[in-house]
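The values are calculated or read from the model by the stated rules, or taken from the named source; none is laboratory data. If you're wondering where the values come from, they're calculated on a predicted model, not measured in any experiment. Ideal geometry is used to build each Cβ from the backbone, glycine not excepted, and the neighbour counts take in all protein chains shown.
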Amino acid sequence: MSQVSEQTVHVERHGAVLVAVIDNPPVNALSHSVRAGLLDAVERFERDDASKAMVILCAGRTFIAGADIREFNKPPQEPRLGTLIDRLDACAKPIVAAIHGTALGGGLEVGLACSYRVALDSARFGLPEVKLGLLPGSGGTVRLPRLIGVEHALTMISEGGQIGSQEAREKGLVDTVISGDLKAEAIAFARKVIAEGARVRRTSDLPVPPFDAGLLATKRTELAKRYKGRQAPQIAVDLIEKMASTPFREAAQEEYRVCRELIGSNQSKALRHLFAAEREAAKIDGVPADVKPRDVNKVAVVGPGVMGRGIAICLLNAGLPTTLIGRTEESLAKAIAAIRKTYEGNVKRGTLTPDEVESRMSRLSTTTGYDDLRDIDLVIEAVTEDLEVKKAVFAKLDAALNERVIIATNTSFLDIEALADSVSNPENVAGMHFFNPANIMKLLENVRSSRTAPDVLATITSLGKRIGKVPVMVGRSEGFVANRMLSKRSREAQFLLEDGATPQQVDKVLSGFGFPIGPFALADLAGMDVMAAARAARFARMTPREQQCDIVDKLAAAGRLGQKSGAGYYLYGDDRKPQPDPAVNELLAQHRQARGFSHRDVTDQEILERCLYAMINEAAKILEEGAAARPGDIDVIWTNGFGWPPHLGGPMFHADQIGLPRIKEALDRYSALVGEEYFKPAGLIERLAAEDRGFYG
Ligand code: COA
């Protein structure tokens, strides 16, 4: 065995098989030293007559997870990935990629340029570049279709999803699936290849398999709907179309050109920003990286209502035995039936098997008391949004649980400090704010009090990731971050109706911006009774204009409860598509008259600016108060919680794109038009705009 070459790649000799081991933690990204080291290894392999086959293997938790994202902002440095891939492709002797963990992006492209691919049964494969607003730039779009067919390749490239080893084997991406010792098995595979004549197989020599001509058009339409406003998925189809009728080398050059162009695009910068911000959000201010989360093996959820059930599903899905605590057997039976119904829906859609449902249901237990909670490690309280009711539950939990159990509340606006005051170990109390439907929405707003222990903060963050959420830690603030900003957008949407806009105009502008749904269609979905109740709860803290802007109450009183009653801001037929309703225009006209507002034509630009800038201004106040630690946290919250279009990077990133001086100027304008109390620029915006800086410096 010999050690040569660069730090991140070393070469071992195993008889006639040379093994190149990549060791570049944490995910073996193809940074410059890896590319140089691997190129060195191939060259050495070709020169070495005693070596008849080479294996590429990775140390640590995964095969190469892609190009090094951190290098994207720098000019490409030789050897580029393309140079390495060409060298692998041209090699006169066979190379075997031995894959474990995830072979993603450039990692899969390295694999595709090898003669053979063997993989552990747990390995996964994907070309996720599109999720970063990019496309493969080193042969992914020209090799993958040749190997697995145009249709499957197009799906993987344009959607960025992953497939497992078995599927990869069935589709022809992988030659052999291995369970056990990958290195030993890969060397044995290479020896077999040598014994059978050391045949080199080049994917680049394969023809493009025939495919249905209608496929591309269908895919374009589907992608346009699913990834509204995003350019990379559409360009993926263009590349595949061109690839099918162009010689291999020419198509590969075009792919590289397109990839470089996308690296410089604003959409890709926004998506890369979010990738980094999401990972940054998991690092909690004031909690050193070596703080160990507490063990969480068994959990309880108090409150079998809609939120409690959704939270229980998340926990069950992650394999956690979960006890649901309710006041009556009837409410618990109802919850069990609802959870089962959700799972049955999954079975119908093919996302779960009946056996998986049974194993998840078997982890669920229920109780009406607090006596049997001895081995519980963490409780999530999801009862009625009322401080006194929650305090009573906290007191019961306090009496029943030992002093190490974490008590988290799912409150969306109540004061965490007051809840912490009601137990004997306030350091165990935190918020875990899920968004409805809790089993679907990715965002988890974790809330710290001034006393929450560091290991409790680490625990709720790691639990959030374990149950597949994107956890972001926030501090004390009414409505925390997501809802506090949303309430400003909702306020402006209402005020705009008073000024003369229609619900459909506002919804059209905001969905045109990229939100999946406009605020009024969303309100119809939530239900006007729910909106009216939320309004009543906040009424005392509203400004006089907000109090008198009672359109929601008027609609609710008229029985226009939204989709569920067939009418709200819109009318709904059987297809549930919102239709404008003249009766609403009439109601708005009467409201304006009663309130003394005269109708004016509101421009789309005003709608967009007032809705977005009201949120951005509030976010700046949140940052100033320290309720969010970083602007990136707010971007992660809005892209995962309320459908801010990811390719626009989140509200803070977007604000920087527009420029804070321009935003300040607009805020001043709307201060004069709508009122200082609504649009006075936050101190942070004033300061940054004066220095011509952005939230990100
Ligand atoms: N380049 C550079 N760094 C990368 C990276 C890449 N391609 N992929 C992941 N990392 C870093 C992350 O930033 C994180 O760094 P941190 O610990 O400093 O925060 C670390 O690797 C671990 O990543 P994380 O995502 O937290 O771990 P995970 O185990 O949950 O997921 C992956 C691992 C590889 C599945 C996931 O990171 C991923 O999907 N990476 C992107 C792959 C990709 O898009 N490749 C194509 C690039 S064009």
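Below are the figures for this structure:
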item: Leading residue by the ranking (farthest from the chain's Cα centre (by Cα)) among those in region 412-423 that are modelled with pLDDT under 95 and in a loop (DSSP other than H, G, I, E, B); result: Ser422
item: All positions within region 32-42 that are over 12 Å from Lys93 (Cβ atoms) and either more than 11 Å from the ligand (Cβ to nearest atom) or among the hydroxyl-bearing types (Ser, Thr, Tyr) (or both); result: His32, Ser33, Arg35, Ala36, Gly37, Leu38, Leu39, Asp40, Ala41
item: Failed item, numbered, when Val237 is tested on (1) loosely packed, with under 15 Cβ neighbours inside 10 Å; (2) in a helix (DSSP H, G or I); (3) not polar (S, T, N, Q); result: (1)
item: Of the criteria (1) outside any helix (DSSP H, G or I); (2) over 20 Å from Ser511 (Cβ atoms); (3) among the acidic types (Asp, Glu), which one Asp633 fails; result: (1)
item: Residues satisfying the stated conditions in region 590-637, i.e. β-branched (Val, Ile, Thr) and either modelled with pLDDT under 95 or over 23 Å from Arg272 (Cα atoms) (or both); result: Val602, Thr603, Ile607, Ile622
item: Test set (1) more than 25 Å from Pro681 (Cβ to Cβ); (2) at pLDDT 95 or above - Phe513 fails condition number; result: (1)
item: Residue that is nearest to the ligand (Cβ to nearest atom), among those in region 43-62 that are under 16 Å from Val27 (Cβ atoms) and not in a loop (DSSP other than H, G, I, E, B); result: Cys58
item: Tally, over region 566-618, of residues that are touching a Phe, Trp or Tyr at 6+ places or on another chain (Cβ under 7 Å), crowded, with 16+ Cβ neighbours inside 10 Å and either assigned to a strand (DSSP E or B) or among the basic types (Lys, Arg) (or both); result: 2
item: Test set (1) β-branched (Val, Ile, Thr); (2) away from the ligand (no atom under 16 Å from the Cβ); (3) in contact with a Phe, Trp or Tyr (Cβ under 7 Å, 6 or more places away or on another chain) - Val200 fails condition number; result: (3)
item: Residue that is surrounded by the most Cβ atoms within 10 Å (Cβ to Cβ), among those in region 536-564 that are small (Gly, Ala, Ser) and modelled with pLDDT of 95 or more; result: Gly562
item: Residue check for Gly105: under 29 Å from Ser265 (Cβ atoms), crowded, with 24+ Cβ neighbours inside 10 Å and in contact (Cβ under 8 Å) with a residue 60 or more places away in the chain; result: no
item: Test result for Arg35, basic (Lys, Arg), in contact with a helix residue (DSSP H, G or I) (Cβ under 8 Å, 6 or more places away or on another chain), touching a residue at least 40 places away in the same chain (Cβ under 8 Å) and under 29 Å from Glu280 (Cβ atoms); result: yes
item: Verdict on Ala252 being touching a Lys or Arg at 6+ places or on another chain (Cβ under 7 Å) and either closer than 17 Å to Ile380 by Cβ or assigned to a helix (DSSP H, G or I) (or both); result: no
item: Search result, residues across region 120-141 that are out of contact with any Phe, Trp or Tyr (no Cβ under 6 Å at 6 or more places or on another chain), within 23 Å of Ser204 (Cβ to Cβ) and in contact (Cβ under 8 Å) with a residue 60 or more places away in the chain; result: Pro128, Glu129, Val130, Leu134, Leu135, Pro136, Ser138, Gly139, Gly140, Thr141
item: Complete set of residues in region 142-164 that are farther than 22 Å from Ala217 by Cα and in contact (Cβ under 8 Å) with a residue 60 or more places away in the chain; result: Gln162
item: Count - residues of region 202-233 that are surrounded by 13 or more Cβ atoms within 10 Å (Cβ to Cβ) and of a type outside the set (Val, Ile, Thr); result: 19
item: Considering residues of region 174-198 that are assigned to a loop (DSSP other than H, G, I, E, B) and under 27 Å from Ala59 (Cα atoms) only, the residue nearest to the chain's Cα centre (by Cα); result: Val174
item: Counted residues, region 564-576 - those being over 17 Å from Met528 (Cα atoms) and either of a type in the set (D, E, K, R) or touching a residue at least 12 places away in the same chain (Cβ under 8 Å) (or both); result: 2
item: Answer from Ile194, Ile235, Ile187, Ile178 - the residue that is touching a Leu at 6+ places or on another chain (Cβ under 7 Å) and within 23 Å of Gly111 (Cα to Cα); result: Ile178
